[in-house]
Amino acid sequence: MAVSESPISIYALGGLCEVGKNTYCIESENSLIIIDAGVMFPGADLPGVDYVIPDYSKLKNSRQKVKALFITHGHEDHIGGIPFLLQHLHIPVIYAPRLAILLIKHKLEDMRIREEVKFVEYNGDSVVNIDEFRVTFFQVTHSIPDSYGIVVDTPQGRIVHTGDFKIDLTPVGQKIELSKIAKIGDSGVDLLLSDSTNAEIEGYTPSEKNVLQSIKDIFKIATGRLILSTFSSNISRIQQICEVAVENNRKIAIIGRSMEHAVDAARDFGYIKIPDTSFIPINEINEHKLSEICILCTGSQGEPMAALSRIANGEHKDLRIIPGDTIVFSSSAIPGNGVFIERVVNQLVKKGGNVLVNSILYSVHSSGHPSKQELRIMLHLIHPKYFMPIHGEYRMLKIHGEIAESLGVPKSNVFVMENGDSLILSKHKIITGPHYAADPIYIDSRNVGGTNEAVVKDREIMREDGMITIAVAINSKTSKIIVPPKCITRAFTADDNNIVKKIEDLANKTLTELMTTKPNFATIKSTLKRAIEVYIERKTERKPLVIPVVMDENK
Ligand SMILES: [Zn+2]
Ligand SMILES: [Zn+2]
């Protein structure tokens, strides 16, 4: 088959029926390109898990074909999987906008990934030709500068991926290139993949300009110190806060590494244009008047380890809440985080703080994603033949699919899919293809190499079937078991009182046999996990989360 006749397969390994770990693939007979490589943070229901990433085995099996990774923008749910992906296979080149490149580099350094990575910066004018794929870009507005949508032209048809976007006509920062998007639409688009995060919300997402006005109002009325908390990824918001602080003659102190990184990156590229003298170290805040201080920190979701939680419970070494402080939560609650946020708010109020959250009075947050009207505009401009809603929980994808139908995309041409489901594009026609493995992979440590595993943290367990941790220490040099498997169960019940002992025996037997083959860490973990899962399911008909924790004496 000549290259040009090879059908194109399109699928997601992450990003469908969830908000997180976006990983979309476009594959021909000879080449495969990936759009985004995100991670998901598991939240309270997965104790002991630090990250959730896609199963990369499909990509590993096609490793010869993988030609490039394209990044739409620098958010964790689009770049956070890169360190893990690089551990699984060689990515010849990563094309990304400039801010994303910097954030990815920081991430790789932080996680001590030493793989050689070639980065190529792109912008709205770039054209990238990879085998039969021609890739071009259009700028969009989102909550971080340097966000793009991607157009992939293939011999079989044209695919457009919107990236994360909002249609904000008075944005802070870059504009969405609506006329360019209209032109792309008019030249004929076979398949559109579009952001579904806010598909349930009527109307338009409020402009970031409204938030700016509220922030300005708050700066005017606050007489004491101002403490503003947002996501470090919301660089557009951070940019506004810093600028308003300077206008109001307040010095800015930053708490938290990720926030420092974000501000540094944004200043490096001129997104935040503020003199060095406006920034002060947090331990110097007492040298200034209360009304001259603005503190920027993370923790707006009530995350226990983040700066704001530590400030709220009095554990932060440089900052204690005093009456007269105003604390602003400049973000919306991620579902499930409500109780954490509430706890932090209560602690702050008890200490005399005046807490402002997003409300009718103060619009201190606006989403970076498109609501229904904006989705309609995008669908109207692109008017694709086929539509695949992405970046959302199932119900969001479904509603987005219905929106497409209401705008004239035939029902049979709308594909509400799950991770691993594929579409096949051939001669401008699309049919469904095979399903690939795309189960989530739980990472129980920040160390991606599989060594020196962190001990599973004691977190609340909400998962129905509970959790089983099997911890073992080995010496990877001598292939000896140093500490035999120890089983810890959480929220897991079985009629058999001896189940823990039996799991440990099974793990010990499995491991003893396995060690004779000088296995690597990944094999040890997957073999243990599999053996225990099969055993438990047979014995109890339950499917607890099994987390093997392997420590290496040799490290
Ligand atoms: Zn984003
Ligand atoms: Zn996203």
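In segment 114-148, the qualifying residues are those that are closer than 30 Å to Val263 by Cβ and of a type in the set (Val, Ile, Thr), and the one that is nearest to ligand 1 (Cβ to nearest atom) is Ile144. Could you tell me whether any residue of segment 171-182 is touching a residue at least 24 places away in the same chain (Cβ under 8 Å) and within 16 Å of ligand 2 (Cβ to nearest atom)? Yes: segment 171-182 contains one or more residues that are touching a residue at least 24 places away in the same chain (Cβ under 8 Å) and within 16 Å of ligand 2 (Cβ to nearest atom). The residue that is modelled with the highest pLDDT, counting only those in segment 322-336 that are crowded, with 18+ Cβ neighbours inside 10 Å and either farther than 24 Å from Ser291 by Cβ or of a type in the set (Asp, Glu) (or both), is Asp325. The C-beta contact set for segment 187-213 (first residue more than 25 Å from Leu228 (Cβ to Cβ) and within 16 Å of ligand 1 (Cβ to nearest atom), second residue hydroxyl-bearing (Ser, Thr, Tyr) and at pLDDT 95 or above, distance under 6 angstrom, 6+ apart or interchain) comprises Ser194/Thr162; Asp195/Thr162. In segment 419-460, of all residues being surrounded by 14 or more Cβ atoms within 10 Å (Cβ to Cβ) and acidic (Asp, Glu), the one that is modelled with the lowest pLDDT corresponds to Glu453.
The single residue among Lys118, Lys107 that is farther than 23 Å from Gln240 by Cα, open to solvent by 10 Å² or more (accessible area, probe 1.4 Å), in contact (Cβ under 8 Å) with a residue 24 or more places away in the chain and within 16 Å of ligand 2 (Cβ to nearest atom) turns out to be Lys107.
What are the pairs with Cβ atoms under 8 angstrom where one residue, in segment 125-143, is open to solvent by less than 20 Å² (accessible area, probe 1.4 Å) and the other, located anywhere, is assigned to a strand (DSSP E or B) and of a type in the set (Asp, Glu)? Sequence gap at least six, or different chains. Cβ pairs passing all conditions: Phe133/Asp153; Val135/Asp153. Out of the residues in segment 348-402 meeting the condition of being among the hydroxyl-bearing types (Ser, Thr, Tyr) and closer than 20 Å to Asn413 by Cβ, tell me which one is nearest to ligand 2 (Cβ to nearest atom). Out of the qualifying residues, it is Tyr394. Candidates Glu287, Glu303, Glu292, Glu315: the one that is within 16 Å of Ser232 (Cα to Cα) and either open to solvent by 20 Å² or more (accessible area, probe 1.4 Å) or in contact with an Asp or Glu (Cβ under 6 Å, 6 or more places away or on another chain) (or both) is Glu303. Contact map, segment 427-454: residues that are of a type in the set (Phe, Trp, Tyr) paired with residues that are modelled with pLDDT under 75, Cβ distance under 9 Å, separation 6+ or inter-chain. Pairs shown: Tyr442/Pro42; Tyr442/Leu46; Tyr442/Gly48; Tyr442/Val49; Tyr442/Asp50.
Restricting the search to strands (runs of 3 or more DSSP E) fully inside segment 309-419 and requiring at least 2 residues that are over 30 Å from Leu178 (Cα atoms) and in contact with a strand residue (DSSP E or B) (Cβ under 9 Å, 6 or more places away or on another chain) gives 326-329, 354-356.
Okay, residues lined up against (1) at pLDDT 95 or above; (2) open to solvent by 10 Å² or more (accessible area, probe 1.4 Å):
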residue	(1), (2)
Gly48	no, no
Ile53	no, no
Leu69	yes, no
Asp77	no, yes
His88	no, yes
Ile91	yes, no
Tyr95	yes, yes
Arg98	no, yes
Leu103	no, yes
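The values are calculated or read from the model by the stated rules, or taken from the named source; none is laboratory data. Predicted, not measured: the structure shown is a model, and the values here were computed from it. Neighbour counts run over all protein chains shown; Cβ positions are idealised from the backbone, glycine included. Just so you know, the surface numbers come from the protein's heavy atoms only, side chains and all, with ligands and any DNA or RNA stripped out. Shrake-Rupley method; radii C 1.70, N 1.55, O 1.52, S 1.80 Å.
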